[in-house]
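What follows is a single structure, written as structure tokens, with notes after it.
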Amino acid sequence: METRRYGAVLPGHEAGSTVVDSRSLLRANNALQILSNAAWYVAAPFIPLYLVSQGASISTVGVIIGCSGILPLLIALPTGALADERGPVPVAHASVILFGLAGAVLTALQSVWAVAVAYTLMAVANIGFAVAPQAIVAAASTPATRVQNYGYYSLWNSAGAVIGPILGGAMVGHLGYRAAFAMVWILMIPSLWATASMRVAPAGVRRVSFTTAHRLVGTIVRQRGVPGVLLISFMMVWAQQLQQSFYPIYLHKVGLSSFLIGVVIATVSLASMLVRSVLSRSVDWLGYRWLLLGATAVVSLALGVTPLFRRFIPFVFLSGLMGASLGITQPLSMSLMVESVAAEFWGVAFGIRQGVQRVASITSPIVLGFVIAVSGIEWAFFVGGGAILATIPIMATVTQHLRREGNG
């Protein structure tokens, strides 16, 4: 890979043949993050509530949310290979189109099965929205700017997650669910412009074959640092799925309005933004290892004590802790994955990471939905937080090689 101050070579392109303006590329990439994440969060936190309003049980909600991750799990590795072979921009463009289709289905069809289909399409599109932009950031960064650029990428991602649930909560409260769901496809219109503005020359020498990428999995997973990244990614998605699937239902149960639920969910992303603005400095102070372990401990605590509260202000505080944890672990795990894998395999590596995250997104709502059916929704938070806490000693072992300042 060749990286220049004002240009970069993207995966799937011959070194020296595809030089782009890195700053313009990153700006368009960040614009796509705020739009796509706003589109996700304007609908996703309210889909469980909508399903319940349509007569679905909480366990059914868990199954729908969990099963929506099966197809994304199957396509995660091929999507990463496609980003390496053809370049990440076409993958991002296809994701925009698929997300818009999902929004149209949500808006036009009012049934439990239609919501299940649309949510699955959104989850599939999210694979492309994760793999392609993360590969773009890696290619447009130098080792010195990588953590900072992933911080900015995650910051704009969080900005969309702040706007989305507040907008969605207000629209659900005043105009109904269909109005909020319509915003999914509406936000994909400017997203098409963002991907179209990512100007990249045609692919040069292909270093990864779409059909043989599965042979690289063992080699990549055995790279030093990769197992720790995958474990951290798995557990944080376990936490995130609990927060996205059952947190809104619990907030509704204790009496919060749709608008206040949106504010509480938005606080998660707002806290992520605040933390990511000082991420590089935090790495310099504490290093990767202690930041990752501390963030994991904080999110397990925040989830575990959630059922002890029933008021708006404590939920805002707990959501802030959840968001701070996600704001640290997500960009750092991306940066560590890039540092552990050769440039020509970044797409496949991010596909593997996404596959592991999809396993978490499948198992978390199904397992915790069963816990809810047996013991009540409060126990989902006790079990979920405890499971995350139990993995911290393992994380401490697999991250021992990380120096105070990280790998750099």
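The values are calculated or read from the model by the stated rules, or taken from the named source; none is laboratory data. Nothing here was measured: the structure is a model prediction, and the numbers come from that model. Please note: Cβ atoms are built from the backbone with ideal geometry, for glycine as well, and neighbour counts cover all protein chains shown.
Numerical summary
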read-out	value
Filter pass, Ser245 being polar (S, T, N, Q), crowded, with 23+ Cβ neighbours inside 10 Å and out of contact with any strand residue (DSSP E or B) (no Cβ under 7 Å at 6 or more places or on another chain)	yes
Tyr250 being touching a residue at least 60 places away in the same chain (Cβ under 8 Å) and touching a Pro at 6+ places or on another chain (Cβ under 8 Å)	yes
Cβ-Cβ under 7 Å pairs, at least 6 apart or on other chains, segment 322-339 side over 16 Å from Pro227 (Cβ atoms) and without any contact (Cβ under 8 Å) to a residue 24 or more places away in the chain, far side surrounded by 24 or more Cβ atoms within 10 Å (Cβ to Cβ) and of a type in the set (D, E, K, R)	none
Filter result for Ala342 (modelled with pLDDT under 80 and either of a type in the set (Gly, Ala, Ser) or more than 21 Å from Pro227 (Cβ to Cβ) (or both))	yes
Qualifying residue in segment 165-187 (condition: under 15 Å from the mean Cα position of the chain (by Cα) and of a type in the set (A, V, I, L, M))	no
Search result, residues across segment 82-102 that are buried (at least 24 other Cβ atoms within 10 Å of the Cβ) and not β-branched (Val, Ile, Thr)	Leu82, Ala83, Asp84, Gly87, Pro88, Ala92, Ser95, Phe99, Ala102
Any hit, segment 335-343, residues being over 26 Å from Gly304 (Cα atoms) and not in a helix (DSSP H, G or I)	yes
Lone qualifier among Ile313, Ile388 - being free of Cβ contacts under 8 Å to residues at least 24 places away in the same chain and under 24 Å from Ala271 (Cβ atoms)	Ile313
Every residue from segment 247-283 that is small (Gly, Ala, Ser) and out of contact with any Lys or Arg (no Cβ under 9 Å at 6 or more places or on another chain)	Ser257, Ser258, Gly262, Ala266, Ser269, Ala271, Ser272, Ser277, Ser280, Ser282
Within segment 179-212, tally of residues that are in a helix (DSSP H, G or I) and at pLDDT below 65	0
Filter result for the condition that a residue is at pLDDT 85 or above, surrounded by 18 or more Cβ atoms within 10 Å (Cβ to Cβ) and assigned to a helix (DSSP H, G or I), over Val61, Val115	Val115
Selected residue (criterion: modelled with the lowest pLDDT) from residues of segment 28-51 that are crowded, with 24+ Cβ neighbours inside 10 Å and of a type in the set (Val, Ile, Thr)	Ile47
Pairs where the first residue, in segment 132-144, is in contact (Cβ under 8 Å) with a residue 40 or more places away in the chain and in a loop (DSSP other than H, G, I, E, B) and the second is hydroxyl-bearing (Ser, Thr, Tyr) and buried (at least 24 other Cβ atoms within 10 Å of the Cβ), C-beta under 8 Å, 6+ apart	Ser141/Tyr150
Segment 20-50: number of residues that are within 17 Å of Gly100 (Cβ to Cβ) and of a type in the set (S, T, N, Q)	3
Residue list for segment 368-378, filter: in a helix (DSSP H, G or I) and without any contact (Cβ under 8 Å) to a residue 12 or more places away in the chain	Val374, Ser375
Any hit, segment 266-282, residues being polar (S, T, N, Q) and in a loop (DSSP other than H, G, I, E, B)	yes
Qualifying residue in segment 129-143 (condition: surrounded by fewer than 18 Cβ atoms within 10 Å (Cβ to Cβ) and at pLDDT below 90)	yes
Residue selected from segment 340-395 under the condition in contact with a Ser or Thr (Cβ under 9 Å, 6 or more places away or on another chain) and among the charged types (D, E, K, R), by the criterion surrounded by the most Cβ atoms within 10 Å (Cβ to Cβ)	Arg353
Meets criteria (modelled with pLDDT of 80 or more, under 23 Å from the mean Cα position of the chain (by Cα) and closer than 22 Å to Leu35 by Cβ) for Ser95	yes
Residue pairs meeting the criteria (Cβ under 7 Å; at least 6 apart or on separate chains; first closer than 15 Å to Pro90 by Cα, in segment 115-129; second among the charged types (D, E, K, R) and modelled with pLDDT of 85 or more)	none
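Yes/no per residue for (1) surrounded by fewer than 24 Cβ atoms within 10 Å (Cβ to Cβ); (2) under 14 Å from Gly327 (Cα atoms):
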| site | (1), (2) |
| --- | --- |
| Leu251 | no, no |
| Val254 | yes, no |
| Val263 | yes, no |
| Ala271 | yes, yes |
| Arg276 | no, yes |
| Arg289 | yes, no |
| Leu292 | no, yes |
| Ala297 | yes, yes |
| Arg311 | yes, no |
